Amino acid sequence: MRLLVCGVVLVWAAALSVADVRHRRLPNVLTLPGAVVVLSVAVVCGRGLPALAGSLGLAALYLSVHLALPAGLGAGDVKLALAVGGLTGAFGADVWMLAAFGAPLLTAIVGAGIAVRDRAATVPHGPSMCVASLTATALVVF
């Protein structure tokens, strides 16, 4: 069962990442249902409160950045934060923190690499959110 859930999460994260890289948008049809599914599964597994705290905490953090710098962080990233915050929060504060700090770090590293070739290029943040969250979670699950 664990492998099935991991497979579904990987496909979902890949779809989000591809959409963000290609279109610079994280579609609502993937972000919001993802958050509902993550939180629902967490409740069934007895991790509802930590998942909800992680979800709301990361979304609040991302919303504050989005409101301060709307061009730097999109609304889709805020909505995705509900899901990945819930996912990582369900596994503990250490997993949540690793993902919360890892995602901006990954985006900065990729951005620095791309800026060498094209200073005007932008880097989508969604893929970094997915990679950081999945990596942090995998460290606990496997």
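Just one of the listed residues (Ala75, Ala68, Ala19) is among the hydrophobic types (A, V, I, L, M, F, W, C), loosely packed, with under 12 Cβ neighbours inside 10 Å and closer than 26 Å to Ala108 by Cα, namely Ala68. Write out, first by first residue and then by second, each pair whose Cβ atoms fall under 9 Å of each other, whose residues are 6+ apart or on separate chains, and whose first residue, in the stretch 83-112, is within 19 Å of His66 (Cβ to Cβ) while the second is modelled with pLDDT of 95 or more and assigned to a loop (DSSP other than H, G, I, E, B). Once the first residue is within 19 Å of His66 (Cβ to Cβ) and sits in the stretch 83-112, its partners that are modelled with pLDDT of 95 or more and assigned to a loop (DSSP other than H, G, I, E, B) give Ala103/His125; Pro104/His125; Leu106/His125; Thr107/Val123; Thr107/Pro124; Thr107/His125; Ala108/Val123; Gly111/Val123.
Screening Val116 against (1) within 26 Å of Met1 (Cβ to Cβ); (2) β-branched (Val, Ile, Thr); (3) more than 12 Å from the chain's Cα centre (by Cα) leaves a single unmet condition, (1). In this structure, Val78 does satisfy being among the β-branched types (Val, Ile, Thr), in contact with a Phe, Trp or Tyr (Cβ under 7 Å, 6 or more places away or on another chain) and modelled with pLDDT of 95 or more.
Comparison of Ala108, Ala83, Ala120, Ala59 shows that the only residue that is modelled with pLDDT under 95 and either assigned to a helix (DSSP H, G or I) or more than 20 Å from Thr135 (Cα to Cα) (or both) is Ala120. Here Gly7 fits the description: surrounded by fewer than 22 Cβ atoms within 10 Å (Cβ to Cβ) and over 14 Å from the mean Cα position of the chain (by Cα).
Quick check: anything in the stretch 127-142 of a type in the set (Phe, Trp, Tyr) and closer than 19 Å to Val11 by Cβ? Within the stretch 127-142, one or more residues are of a type in the set (Phe, Trp, Tyr) and closer than 19 Å to Val11 by Cβ. Would you mention how many residues in the stretch 1-51 are over 30 Å from Ala121 (Cα atoms), modelled with pLDDT of 95 or more and not in a helix (DSSP H, G or I)? Total satisfying the criteria: 3. Filtered by the rule that a residue be surrounded by fewer than 16 Cβ atoms within 10 Å (Cβ to Cβ) and among the aromatic types (Phe, Trp, Tyr), the stretch 88-142 gives Phe101, Phe142.
The values are calculated or read from the model by the stated rules, or taken from the named source; none is laboratory data. What you see is a predicted model; the values in this text were computed from it and never measured. Note: ideal-geometry Cβ built from the backbone for every residue, glycine included; neighbour counts use all protein chains shown.
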